[in-house]
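Coordinate-derived values only; no laboratory data. All of these numbers come straight from a predicted model, not from anything done at the bench. Here the Cβ positions follow ideal geometry from the backbone for every residue, glycine too, while neighbour counts run over all protein chains shown.
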Amino acid sequence: MITSALLLLSLAAPLDDARAALLKGDSSAAAQAYGEVARAAPGCADLEYDLGTVSAQAGQVGPAVLHLERALKRSPWDGDARQNLDKVRGRRVDKVAGSELGDSPWQRLLLGAPSSLLTWAALALWVLGFVVLSLSRRRALRRAALVGLGLSALLGAVGYAGLRAAAVRYGVVLAPTGQGVKVHSGPAADLPSSFEVHEGLKILMEEEANGFTRIRLANGLEGYIPDDTVEAI
């Protein structure tokens with residue numbers, strides 16, 4: 001509690017700077033101030049939403065997509081963040097046919113589920129069901145135990161799927177406005193490049209090597225881009 005209070009106190013000044021910049025209409029300064037706060041207090045959906053929104057107002061497409069995606073990762077059903085993200089996506093150079101990576105209702109549901117809690121609840125219910133099933137001779141209790149075992153299997157499957165979904169690494173391409181990032185066939189700048197990606201594109205991040213990250217697009221295209229042109233959500 002003391003640590004949290006001290007953290008909030010230390011963030012008061014940059015938050016005041018961000019709000020003052022917003023009141024003046026200086027979106028770039030507001031984005032910078034909110035960025036300082038978000039780096040000091042990672043994992044806050046509200047701060048990520050604010051930073052994404054002011055980045056969009058400042059015309060910073062890549063950071064706007066990144067921070068709004070982070071807000072939605074922590075709060076998948078935030079309608080305001082979803083609406084703002086859809087608007088920013090419309091300003092990207094790269095257009096995605098169909099749904100974005102990791103953006104289906106099922107994937108959002110898994111990200112929003114308390115996966116660890118579901119997994120532990122499934123384990124406890126599984127053990128309890130077996131104990132009742134093995135010790136009780138009453139038909140009603142044995143039936144209830146079988147139902148509990150079935151429910152524990154369902155909860156365990158959902159919890160496991162949620163943990164797997166959370167482990168997938170998505171990222172957002174960050175590049176100077178209007179400039180593309182060459183996607184190479186391997187982890188080296190002198191290897192061939194057959195296409196480019198631009199700021200704000202959501203990609204799947206795979207292995208890293210030699211200062212490059214292997215990425216995969218929603219349409220299945222793959223390749224390597226420099227580590228400093230992509231950031232994990």
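What the Kirkwood sum gives for region 39-138 is a hydrodynamic radius of 16.0 Å, with every pair of different alpha carbons counted.
Helix 27-40 axis versus longest C-alpha principal axis of the chain: approximately 40°, rounded to the nearest ten. Taking the number of Cβ atoms within 10 Å of each Cβ as an exposure proxy, the fewest-first ranking of 119, 213, 177 is 177, 119, 213. Tally Lys and Arg at +1 and Asp and Glu at -1 over the other residues with C-beta under 9 Å from the C-beta of residue 214: what net charge comes out? Residues close to residue 214 contribute a combined charge of -3. Sequence-ordered 3J(HN,Hα) estimates for region 216-224 from the Karplus curve with 6.51, -1.76 and 1.60 and θ = phi - 60° stand at 10, 8, 4, 8, x, 5, 10, x, 10 Hz, glycine and proline given as x. Lysine pair count for the chain (Cα-Cα distance under 16 Å; residues 8 or more apart in sequence or on different chains): 5.
Each Cα pair of region 142-233 feeds into the Kirkwood radius, which the Stokes-Einstein equation turns, at 10 °C and 1.306 mPa s, into a diffusion coefficient of 104 µm²/s. Computed over the alpha carbons of region 2-91, Rg followed by Dmax gives 12.8, 43 Å.
Taking all Cα-Cα distances within the chain, those exceeding 34 Å account for 32%.
Relative intensity of region 110-167 on a log10 scale, I(q)/I(0) at q = 0.19, 0.28, 0.29 Å⁻¹, equals -0.61, -0.96, -1.00, per a Debye sum over C-alpha point scatterers of equal strength in the absence of solvent.
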